[in-house]
Amino acid sequence: MGSSDVVSLNMFKNLVLLAALFILSSCSKQENGQFQLEYRMSLEIPADANPLFTHVFEKAIASDWNNFLAAHNLNQSNLVKIRPRSVILSPVFNNSISYGIISEIHASIYDLNDPGGMLPIADIYDNIRSDEELVLLPGLADVKELIKNDEFILKLELNLRQFPGSVSDHFLTVQFDVFVN
């Protein structure tokens, strides 16, 4: 092996090392807000829910935004952004359920007066194998304009792989990170 081959090999090793360091440094943990807001919606999946249809569950949720601001000694000008932190579908009373019957699930919020302004907050596509609770992957949407309203609509859409066979009650629990300056 000639000296130019050794130099090329060393340059290649250094390049790979720099690329690996760059990739590792660009991965970061989830950014957490200074405060959290939590909202809950109950829903019932009927026994005869057809797998050929998308099943939609919606509920008007009181944001309680002004009480949140007062409780934390904040005002509107302190607010930077509000992002989804966690979105979890869980059975009521810890009933036994297999969420494997769900093929995909999407959660979003919108203003009742502006359904076209719907913002996605979490999703899961395929490969659902949870029995205890179903943790959706939260999105990055800034939902502050919707949360600042007196109420907003929380929407859950799900597609099934098969008929459930029995009625099941669930909670959709949504937590948001509140970022302030």
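All of the numbers you see were taken from the coordinates with simple rules; none came from a lab. The structure presented is a predicted model; accordingly, all values stated were derived computationally and were not measured. Positions of Cβ are backbone-derived with ideal geometry, glycine not excepted, and every protein chain shown enters the neighbour counts.
Out of SER90, SER63, report the one residue that is in contact with a helix residue (DSSP H, G or I) (Cβ under 8 Å, 6 or more places away or on another chain), small (Gly, Ala, Ser) and touching a residue at least 60 places away in the same chain (Cβ under 8 Å).
SER63
I'm trying to understand the selection: among the residues of region 95-140, which are part of a loop (DSSP other than H, G, I, E, B), polar (S, T, N, Q) and under 15 Å from LEU156 (Cα atoms)?
Across region 95-140, there are no qualifying residues.
Among the residues that make up region 156-179, is at least one of them of a type outside the set (S, T, N, Q), outside any strand (DSSP E or B) and closer than 21 Å to LYS81 by Cα?
No: zero hits.
Residues in region 89-103 that are buried (at least 16 other Cβ atoms within 10 Å of the Cβ) and either more than 19 Å from SER166 (Cβ to Cβ) or not small (Gly, Ala, Ser) (or both): how many?
The number of residues fulfilling the criteria is 6.
Considering only region 69-88, state which residues are exposed (fewer than 15 other Cβ atoms within 10 Å of the Cβ) and within 21 Å of the chain's Cα centre (by Cα).
Hit for region 69-88 is VAL80, nothing else.
Determine, yes or no, whether ILE128 is closer than 24 Å to ASP48 by Cα and of a type in the set (Val, Ile, Thr).
yes
Output the residues belonging to region 121-141 that are surrounded by fewer than 20 Cβ atoms within 10 Å (Cβ to Cβ) and within 12 Å of the chain's Cα centre (by Cα).
ASP123, VAL135, LEU137, GLY139, LEU140, ALA141
For every residue, the table says whether it meets (1) within 24 Å of LEU69 (Cβ to Cβ); (2) touching a Lys or Arg at 6+ places or on another chain (Cβ under 9 Å); (3) without any contact (Cβ under 8 Å) to a residue 60 or more places away in the chain; (4) not small (Gly, Ala, Ser).
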{"position": "VAL143", "(1), (2), (3), (4)": "yes, yes, no, yes"}
{"position": "ASP150", "(1), (2), (3), (4)": "yes, no, no, yes"}
{"position": "LYS155", "(1), (2), (3), (4)": "no, yes, no, yes"}
{"position": "LEU158", "(1), (2), (3), (4)": "no, no, no, yes"}
{"position": "VAL167", "(1), (2), (3), (4)": "no, no, no, yes"}
{"position": "HIS170", "(1), (2), (3), (4)": "no, no, no, yes"}
{"position": "VAL174", "(1), (2), (3), (4)": "yes, yes, no, yes"}
{"position": "ASP177", "(1), (2), (3), (4)": "yes, yes, no, yes"}
